[in-house]
């Protein structure tokens, strides 16, 4: 590990994504204030970009089809229903149709070119919604095996999706769910997360999905743990 440049704004509950090999970070909560600010990591510094239309934290920032999608989240008053898309070519955000069920602490991933969010609260759900950039409409995938919020999700190069961790509906138990989804199929779960926790994001690096940090118990119980897992073997191999 090495230290990178400090963020211009101290935030909790932001969301990050990579697009064209560049890291973007959006939203979050800063000392009791909701943020709509967006930053891009440019070598040794952060560049501030056009802000989102809606300040939000606990959302998902998802890179799909050359754009970034901000979906879900909340502010100090309520969940944020409107979604929005960022076009790096014009440095601008466009408001999209609202998330069918507004919620925060969602887990974002890409499936079949669509920007998807799984789980979230309130109430805690196993629902999975996907925004289709081509049609401009929402669709649903099968629900998660277990309802959860604050877990992590990502997609492998193969297109398989993994979803893991989070908290249960009562926010008194960490969910050890480790579920896989193949486009066109259903979620399957045959084992548990190695180090169950919530409040983290999954990111693929060198072919493996990495979960670093998070909380090992409901509330603020931060850990420095990093674990990773690979994609499932193809059924044809």
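The values are calculated or read from the model by the stated rules, or taken from the named source; none is laboratory data. In this text the structure is predicted, and so the values were computed from the model without any measurement. Ideal geometry is used to build each Cβ from the backbone, glycine not excepted, and the neighbour counts take in all protein chains shown.
For this structure, a couple of remarks:
- In this entry, residue 147 passes the filter for residues that are within 17 Å of the chain's Cα centre (by Cα), part of a loop (DSSP other than H, G, I, E, B) and either modelled with pLDDT of 95 or more or not assigned by TED's automatic domain parsing to the domain that holds residue 19 (or both).
- Selection from the range 116-139 of residues that are surrounded by fewer than 16 Cβ atoms within 10 Å (Cβ to Cβ), part of a strand (DSSP E or B) and touching a residue at least 40 places away in the same chain (Cβ under 8 Å): 137
- Candidates are the residues of the range 167-183 that are within 24 Å of residue 157 (Cβ to Cβ) and free of Cβ contacts under 8 Å to residues at least 60 places away in the same chain; the one that is surrounded by the fewest Cβ atoms within 10 Å (Cβ to Cβ) is 182.
- Single residue of 74, 91, 104 found to be at pLDDT 95 or above and on the phi > 0 side of the Ramachandran plot: 91
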